[in-house]
């Protein structure tokens with residue numbers, strides 16, 4: 001099959017202004033709950049785009065790990081490329097895609113570090129091997145071989161076996177993305193998709209329907 005011939009009709013749902021609530025974070029939570037109930041694979045996975053010092057965009061998949069009344073939380077190594085880019089330019093974008101529901105959510109906003117206490121709370125809730133992984137990987141740095149990484153993890157397992165407390169890595173923690181734009185996209189037939197965009201205006205949100 002030619003790439004140009006790949007297409008799918010979206011027919012499951014519609015999205016009207018009367019279907020959504022006035023607060024987009026609450027609307028996101030509603031859609032996210034529906035994605036979980038529909039057993040969407042990796043429903044909390046999103047594409048995070050950051051901008052480097054040359055103005056070039058960089059995108060990668062990240063996992064959402066918290067929802068607050070202000071925004072979206074994720075965690076990473078603060079020495080990673082994405083974290084360094086965020087600290088130089090905090091404006092980012094996020095995209096969730098849930099094909100099982102024929103839905104997409106786009107978010108634009110500003111990222112900032114969360115408190116050390118919140119980062120520690122999440123870190124110690126992680127599985128033991130994930131905690132060790134945060135120490136084993138110098139994220140985004142060049143790695144000469146996979147064996148080197150596995151050897152680091154083995155050394156850490158010997159030093160901190162299952163059942164012992166892993167120290168909190170000060171180079172690791174969370175960011176919260178506070179949105180100023182959230183768009184909800186519902187696939188429809190004939191590519192006449194429904195798009196509802198929320199834009200922040202001061203302390204309130206305005207809503208508009210966009211052409212597909």
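The values are calculated or read from the model by the stated rules, or taken from the named source; none is laboratory data. The model shown is predicted, which means the values in this text are computed figures rather than measured ones. A quick note on method: Cβ atoms are made from the backbone with ideal geometry, for glycine too, and the neighbour counts reach across all protein chains shown.
Overview of values
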{"read-out": "Among residues of the range 72-98, those that are surrounded by fewer than 19 Cβ atoms within 10 Å (Cβ to Cβ) and in a helix (DSSP H, G or I), counted", "value": "4"}
{"read-out": "Any hit, the range 61-72, residues being over 21 Å from residue 122 (Cα atoms) and free of Cβ contacts under 8 Å to residues at least 60 places away in the same chain", "value": "no"}
{"read-out": "Out of 117, 141, sole residue that is exposed (fewer than 12 other Cβ atoms within 10 Å of the Cβ), over 29 Å from residue 208 (Cα atoms) and assigned by TED's automatic domain parsing to the domain that holds residue 31", "value": "117"}
{"read-out": "Checklist (1) without any contact (Cβ under 8 Å) to a residue 24 or more places away in the chain; (2) out of contact with any strand residue (DSSP E or B) (no Cβ under 6 Å at 6 or more places or on another chain) applied to residue 88, failing item", "value": "(1)"}
{"read-out": "Count of residues meeting criterion [touching a helix residue (DSSP H, G or I) at 6+ places or on another chain (Cβ under 8 Å) and either outside the structural domain of residue 26 (by TED's automatic domain parsing) or outside any strand (DSSP E or B) (or both)] in the range 99-114", "value": "2"}
